[in-house]
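Working notes, structure below.
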Amino acid sequence: MPEQEERKQQLNAITGPPRDLTNVSRAVLRSEQAKRWTKRYRTEVAASSSSLLSTVVAYPLDSVKTRLQAYKFNSFSDCVRHTYQTEGLHGFWRGVWSPLASITLVRTVSFSIYQRSKYTIDDWIYQATGSSPLVIANTKGAWPTLSTISCFGLAGATAGATITAIACPFELTKLSAQISVLMADRNDGCKQNDAIRKSYQNLGTFKTAQNLVRHRGWTGLYSGFHLHLLRDSIGTGIYFVTYESVKQILANARGTSPTHPLAVVIAGGLCGLVSWACIFPIDTAKSIYQRNCLVGGKDKQTRPKIQFLNPRMYRGLGVSMSRSCVVNAIFFTAFEFTKKRINYMEVDEELLRRHDEGVD
């Protein structure tokens, strides 16, 4: 057909003559397909890889934080010394495989949900007010407003509430691994459950889950779900509001991009500090309740009160905030760096298009 031939000639004038796909190795095609897939899912790829790095580096602080919340120690150094003397260096990374899997999955899903929720909520606010929070957040010289805070907070709360269903069983098995030695050594007035307490000692993630199911049924994997849901909904909302707002403020103050390395490090560190400071009593109540469920077998446990003015509920706060600051500074630095590197990747779309047309 003359018209079809003319269109081909016009296309070739723009893209160059068609490449002979028989001379293109499968390795090259797979490489280009992998690049296209990576660019399409750059948020998920960046979140998962950054999460692995930050989790491994800061896990010992999380382990000490859980011990301080669940049991009484004289100080941070006392807890560290006791852990090293009774469990060795390995004790600080006890149970790390569960959070490596769960936190990576949770962060990846959380960031994916957050990104989608953010644009959905932005659309709702734009339709209601005629102003886009995301446009404001990315406008040079603009500062955080009620609409940007609402957009980021609601999107974060949505992500936090959604991922609780995935995270709760993993976090429960992680907590069990972190305090299993302490549970076995300290009866806490529950001598009738000695066998149950000691049955969790030195178990891996899968065997811990099996033990929970044996003692508390399948619902035992979601012990403390209500507190976990409350913590993550509020905490994740505050987390993203702080991160996005601080980035915006620093960018305007310095006249730089919101993804400037210094802005990312500071915003990443602060978002962890602020969120933990706000929700720590909820997290402590969750840790105590889950510990009681572990040592109590099938017995029904009373829910600890969330007391924001009780100093006991803030035991381990300093460790947790330090850990969170380190984790999130590392995470967001790696996250933004990885996303930039992915965005800079060049994909041979013309080659892939011709390959796809050949397949079809």
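The values are calculated or read from the model by the stated rules, or taken from the named source; none is laboratory data. These numbers come from a predicted model, not from an experiment. As a convention, Cβ positions derive from the backbone with ideal geometry for all residues, glycine included, and neighbour counts pool all protein chains shown. When the accessible area is computed, the model is the full protein with side chains, heavy atoms only, and any ligands, DNA or RNA have been set aside. Shrake-Rupley method; radii C 1.70, N 1.55, O 1.52, S 1.80 Å.
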Filter result for Leu250 (modelled with pLDDT of 85 or more, within 26 Å of Ala334 (Cβ to Cβ) and more than 19 Å from the chain's Cα centre (by Cα)): yes
Matching residues, segment 75-99, being out of contact with any Phe, Trp or Tyr (no Cβ under 8 Å at 6 or more places or on another chain), open to solvent by less than 30 Å² (accessible area, probe 1.4 Å) and either outside any loop (DSSP other than H, G, I, E, B) or of a type in the set (Phe, Trp, Tyr) (or both): Glu87
Segment 134-145 - residue that is in a helix (DSSP H, G or I) and within 15 Å of Ile249 (Cβ to Cβ) and, of those, least open to solvent (accessible area, probe 1.4 Å): Ala137
Test: residue in segment 111-123 that is among the β-branched types (Val, Ile, Thr), within 23 Å of Glu171 (Cα to Cα) and surrounded by 21 or more Cβ atoms within 10 Å (Cβ to Cβ): no
Count of segment 137-146 residues which are among the β-branched types (Val, Ile, Thr) and under 26 Å from the mean Cα position of the chain (by Cα): 1
Yes/no for Thr236 being crowded, with 22+ Cβ neighbours inside 10 Å and under 16 Å from Ala157 (Cα atoms): yes
Any hit, segment 304-316, residues being in a helix (DSSP H, G or I), buried (at least 17 other Cβ atoms within 10 Å of the Cβ), at pLDDT below 90 and under 20 Å from the mean Cα position of the chain (by Cα): no
Yes/no for Gly272 being touching a helix residue (DSSP H, G or I) at 6+ places or on another chain (Cβ under 7 Å), at pLDDT below 75 and either among the small types (Gly, Ala, Ser) or surrounded by fewer than 17 Cβ atoms within 10 Å (Cβ to Cβ) (or both): no
Residue that is within 30 Å of Lys72 (Cα to Cα) and in contact (Cβ under 8 Å) with a residue 40 or more places away in the chain, where the choices are Phe170, Phe152: Phe170
Only one of Lys72, Lys65 that is of a type outside the set (Gly, Ala, Ser), over 22 Å from the mean Cα position of the chain (by Cα) and either crowded, with 18+ Cβ neighbours inside 10 Å or outside any helix (DSSP H, G or I) (or both): Lys72
Some residue of segment 19-34 being among the β-branched types (Val, Ile, Thr), assigned to a helix (DSSP H, G or I) and at pLDDT 80 or above: no
Given (1) surrounded by fewer than 20 Cβ atoms within 10 Å (Cβ to Cβ); (2) within 16 Å of Leu227 (Cα to Cα), index of the condition Val265 fails: (2)
Selected residue (criterion: farthest from Phe92 (Cα to Cα)) from residues of segment 49-62 that are open to solvent by 20 Å² or more (accessible area, probe 1.4 Å) and touching a Leu at 6+ places or on another chain (Cβ under 8 Å): Leu52
